Amino acid sequence: MADTHPPEDCGNAASTIRPVIDAGRCEAKAACVVACPYDVFEIRVLTTQERSALPLLGRLKAWAHGNRRAFAVRAQACHACGLCVKACPEQAIALQPVAKV
Ligand code: SF4
């Protein structure tokens, strides 16, 4: 079972790091939804436009998984604990710094 408790001293304020999901790797297994203590992720069906933007292999993979995948719908709440990265069985999630404007 996934550890859903964030490290107490991760030292990262929300909105400095965001999770980026590789759409070509995600298989909608929802490990990130379970692992994230900040409710950053949702699994939903791809829109027609999102499906069209995928390469052929990505469309086939999406079809094989019910045209569903994870989205970081509350990415601004990410505290960079890394639990989603560890939990994803497809290694589909990377953490990236948020660009400052
Ligand atoms: S790194 Fe961010 S998105 Fe991933 S589990 Fe931690 S808080 Fe959630």
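All of the numbers you see were taken from the coordinates with simple rules; none came from a lab. All of these numbers come straight from a predicted model, not from anything done at the bench. All Cβ positions, even for glycine, are placed from backbone atoms using ideal geometry, and neighbour counts span all protein chains on display.
Helical content of the chain, expressed as a calculated mean residue ellipticity at 222 nm, amounts to -6000 deg cm²/dmol (DSSP H runs of 4 or more residues, -39,500 (n - 2.57) each, divided by residue number, nearest 500). Straight-line reach from Lys100: taking Cα to Cα under 29 Å and skipping same-chain neighbours fewer than 8 places apart, the lysines in range are Lys86. Legend: translational diffusion of the chain by Stokes-Einstein, Rh = Kirkwood radius over C-alpha pairs, 10 °C, 1.306 mPa s; D = 113 µm²/s.
Each of Arg44 and Arg25 was given a label point 7 Å from its Cα along the Cα-to-Cβ line. The distance between the two points is 2.3 nm. Principal semi-axes of the equivalent ellipsoid, √(5λ) from the alpha carbon gyration tensor of region 17-69, are 21, 11, 10 Å from largest down.
Could you work out the relative contact order of the chain, using alpha carbon pairs under 8 angstrom and six or more residues apart, expressed as a whole percent?
Values: 175 pairs, mean separation 45.8, N = 101.
This gives 45 percent for the chain.
In this simple spin-label model, placing a label point 7 Å from the Cα along the Cα-to-Cβ direction at both Lys100 and Val33 gives a separation of 3.6 nm.
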